[in-house]
Each structure stands twice: as C-alpha cells, then as structure tokens.
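Read through the structure below, which is laid out as structure tokens, and then see the notes.
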Amino acid sequence: MTARLPVRVRPGAAGSALTGWMADGALKVAVKEPPEDGRANRAVTRLLAQAAGVAAGAVRVVRGAASRAKVVEVDGLDEATLRSRITAAIAAAEGPDGG
C-alpha cells in the first residue's frame, strides 16, 4: 500500500515544520535547508516520515524534485491514514492553544 500526497515546499525558511493544508489539498511544508543538491527534498522526506510514523526510506519525492510543488509517496499507509497522522502532527506542534 502506498499513499501519494501533493506537497508545497518553502525552502530556506526560518525553521522546519509541516505548516498546514492548502485549499487544493496539498500539504504546506517549510524547511530550513536551501534548495541545493537535494537538501530541501531530504528535509521534506524526513519531516513527513517523522509525522507519519514510518521509516525515512518509506518516503520519497516522485515528482517535482526541482520544484516547490512536489508529489511524495509514502509506503505502508493509505492516503486517509497518512493525512490523519499529518493533521495530528500539525495540531500537536501547534500546542493546545492552537499556536
């Protein structure tokens, strides 16, 4: 089972975090790493793996490696479970007061 997820990345941000969902269903991700030599892509896959509770090797960028708009695949989860885990991780990072 593999889930696909559209992701919109902001490289070179002040901090790295999953920041929410866009109206079109894409996940917004900010990463500190610059978009050089795949560093931002690796940061995105690490963040997603941690939030989804899967191994880092289970997450990969399958489209948009050189673009801010990417498609990521996550092995071992269906899309509903992946979105649920990411939403929970975003809420936990925001804290009980919502931010």
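The values are calculated or read from the model by the stated rules, or taken from the named source; none is laboratory data. It should be emphasised that the depicted structure is a prediction, and the values quoted were computed from it without experimental measurement. Cβ placement follows ideal geometry from the backbone for every residue including glycine, while neighbour counts extend to all protein chains displayed.
The residues of the range 21-38 that are at pLDDT 95 or above and surrounded by 15 or more Cβ atoms within 10 Å (Cβ to Cβ), listed by number, are Trp21, Ala26, Leu27, Lys28, Val29, Ala30, Val31, Glu33. Checked against the criterion of being within 12 Å of the chain's Cα centre (by Cα), farther than 15 Å from Val7 by Cα and surrounded by fewer than 16 Cβ atoms within 10 Å (Cβ to Cβ), the candidates Ala56, Ala69 yield just one match: Ala56.
Taking the condition of being in a strand (DSSP E or B) and over 13 Å from the mean Cα position of the chain (by Cα), how many residues in the range 72-89 meet it?
Taking the range 72-89 first, the residues in a strand (DSSP E or B) are 72-75.
With over 13 Å from the mean Cα position of the chain (by Cα) added as a condition, the list becomes 75.
Summing the residues that are in a strand (DSSP E or B) and over 13 Å from the mean Cα position of the chain (by Cα) in the range 72-89 gives 1.
Scanning the range 56-71 for residues that are in a strand (DSSP E or B) and in contact with a helix residue (DSSP H, G or I) (Cβ under 6 Å, 6 or more places away or on another chain) gives Val59, Val61.
Of everything in the range 2-50 that is part of a loop (DSSP other than H, G, I, E, B) and in contact (Cβ under 8 Å) with a residue 40 or more places away in the chain, the residue that is farthest from Leu77 (Cα to Cα) is Pro11.
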